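The values are calculated or read from the model by the stated rules, or taken from the named source; none is laboratory data. Please read these numbers as outputs of a predicted model, since none were measured by experiment. We place every Cβ from the backbone using ideal geometry, glycine too, and count neighbours over all the protein chains shown. Only protein heavy atoms, including side chains, enter the accessible area calculation; ligands, DNA and RNA are left aside. Shrake-Rupley method; radii C 1.70, N 1.55, O 1.52, S 1.80 Å.
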Amino acid sequence: IIQQEYINDEGLTQTELTKAAFGCSGTWLATVEQRQENENELELQMKLWNYSKKTQGFVLNTKIAMPHDDHITALCFNNAESYEKPILVTASRDGHFKVWILTDDSDIYKKAIAWTCDFVGSYHKYQATNCCFSEDGSLLAVSFEEIVTIWDSQTWELKCTFCQRAGKIRHLCFGRLTCSKYLLGTTDNGILCCWNLLSCSIQWSAKLNVRVMEPDPYSDHVAAVAQSSAGSDLFVFKPSEPRPLYIQKNVSREEVQWGVFVPRDVPESFTSETHQWLNRSQFYFLTKSQSLLTFSTKSPEEKLTPTSKQLLAEESLPTTPFSFILGKHRQQQGAKLTETSENELVQLPLTENIPAITELLHTPAHVLPSASFLCSLFVNSLLLSKETKSAEEVPDDVDMEGNKESDDSDEEYDLTEKDKETNNTDLGEDAIHQLSKSEEKELRKFRKVDYSWLTAL
């Protein structure tokens, strides 16, 4: 996104990606990057990315330099299906929130669309800290420090305000479905408030130090993660009533920094009231140490997908995607071999019984000779002999290389098995072991090997 390499130098000011938001069913992505060397020099850039089905990735559509005069504190999309064109809202410490819309940017050369600012709002020069749209997109809530303002998204007219003197607003969240008339807000002093938009009054409040608050897009449940002295606690509730439906203490000893509801491909059917909030979506949350956690009522064995079960069935392979692909390839090769006639099959030697491979794989790398020296030994160990006859049945004229040069020495050891037995019995304990032709050939091999590298150890 930033298109800059990270330089790990002490004291060097890096360009940081500070905000990101997806909208319109994943079609658009908004990112904010900033770089500030001192208090008076702030560089801001906001980029709008459009998802390309052709490239299966996001393509830069609009780049806006200095969209605000100060740090951007929040940004959100209007994701209502009733709106044909997407809307983006940004809030900043400069005391303004801006509404960005998608407009036609075509010229004589090509047809194009781009983002442009449509409205700028403020409230008594307070810093804008949070923003969010209602489920149907008709209302926009923007917090200015301790005050929450409600705006009409059609005319951008200020409808009403809620003042919470308990502290600055930390989170804003509209209710959904049956609870769409409620607005939730948390403060940095540890207060959770619920306002009724129809009566423009507070519905209920609770003492809760909420760090993460996330609504479920497919139900009227809201998940709130609160920080306590023992760790992080999870509360699941409906905005219509202050009584939590589900409480889980100490879900993490660390501080939870983010949470999101992920829709299920296949909805569950939990009948228990404490588990109904898991029917349509699954809640994931991220801790300070970058640990991703979630909730489930199933055991680890029941959660295995068919692909995972197939991976576990391959006992001889590690359960990795690469080994899974390799196992499929081997199965296909095995099926092809079974279709081949028996005359065309070639019996390959087992690699685990070849000494050269065993030594190569089990010897420490820092004591091995050079790869160029080991290459010939390794390749020779994999070669297959053209003849299947034993060493005694192979004629002298088709023996291994080097036989022509040492024919005279071979004649001295060209003894039959009967002669060897008689000689051994005659000599008794002083008998000298006579080498066979195969043993002599092995000795010739080792005679040609260069062991000069041992002197360097």
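For region 135-147, the set of residues classified as surrounded by fewer than 23 Cβ atoms within 10 Å (Cβ to Cβ) and either among the hydrophobic types (A, V, I, L, M, F, W, C) or assigned to a strand (DSSP E or B) (or both) consists of LEU139, ILE147, listed by residue number. Of all residues in region 29-78, those that are acidic (Asp, Glu), assigned to a strand (DSSP E or B) and over 29 Å from ALA141 (Cβ atoms) total 3. Within region 95-104, the set of residues being open to solvent by less than 40 Å² (accessible area, probe 1.4 Å) and within 20 Å of LEU60 (Cβ to Cβ) comprises TRP100, LEU102. The set of residues in region 217-236 that are assigned to a strand (DSSP E or B) and more than 19 Å from GLU135 (Cβ to Cβ) comprises VAL225, ALA226, GLN227, SER232, ASP233, LEU234, PHE235.
Yes or no, residue by residue, for (1) touching a His at 6+ places or on another chain (Cβ under 9 Å); (2) under 26 Å from VAL256 (Cβ atoms); (3) open to solvent by 30 Å² or more (accessible area, probe 1.4 Å); (4) in contact (Cβ under 8 Å) with a residue 40 or more places away in the chain:
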residue: ARG170; (1), (2), (3), (4): no, yes, yes, yes
residue: TYR182; (1), (2), (3), (4): no, yes, no, yes
residue: SER199; (1), (2), (3), (4): no, no, yes, no
residue: ASN209; (1), (2), (3), (4): no, yes, yes, no
residue: ASP220; (1), (2), (3), (4): no, yes, no, yes
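Only residues that are in a loop (DSSP other than H, G, I, E, B) and among the aromatic types (Phe, Trp, Tyr): list them for region 251-301, please. Passing the criteria: PHE270, PHE295. Counting the residues of region 29-44 that are surrounded by 19 or more Cβ atoms within 10 Å (Cβ to Cβ) and of a type outside the set (Gly, Ala, Ser) gives 5. Just one of (1) under 20 Å from TRP156 (Cβ atoms); (2) open to solvent by 70 Å² or more (accessible area, probe 1.4 Å); (3) not basic (Lys, Arg) fails for ASN8. It is (1). Considered as a group, the residues in region 222-254 that are among the small types (Gly, Ala, Ser), open to solvent by 20 Å² or more (accessible area, probe 1.4 Å) and touching a strand residue (DSSP E or B) at 6+ places or on another chain (Cβ under 7 Å) include one that is nearest to GLN290 (Cα to Cα), and that residue is ALA230.
Residues of region 79-92 that are of a type in the set (Gly, Ala, Ser) and either crowded, with 20+ Cβ neighbours inside 10 Å or part of a strand (DSSP E or B) (or both): ALA91, SER92. Kindly indicate whether ASP107 is more than 26 Å from TRP156 (Cβ to Cβ), surrounded by fewer than 17 Cβ atoms within 10 Å (Cβ to Cβ) and without any contact (Cβ under 8 Å) to a residue 60 or more places away in the chain. Spelling it out, ASP107 is indeed more than 26 Å from TRP156 (Cβ to Cβ), surrounded by fewer than 17 Cβ atoms within 10 Å (Cβ to Cβ) and without any contact (Cβ under 8 Å) to a residue 60 or more places away in the chain. In region 110-134, the qualifying residues are those that are in a loop (DSSP other than H, G, I, E, B) and hydroxyl-bearing (Ser, Thr, Tyr), and the one that is least open to solvent (accessible area, probe 1.4 Å) is SER134.
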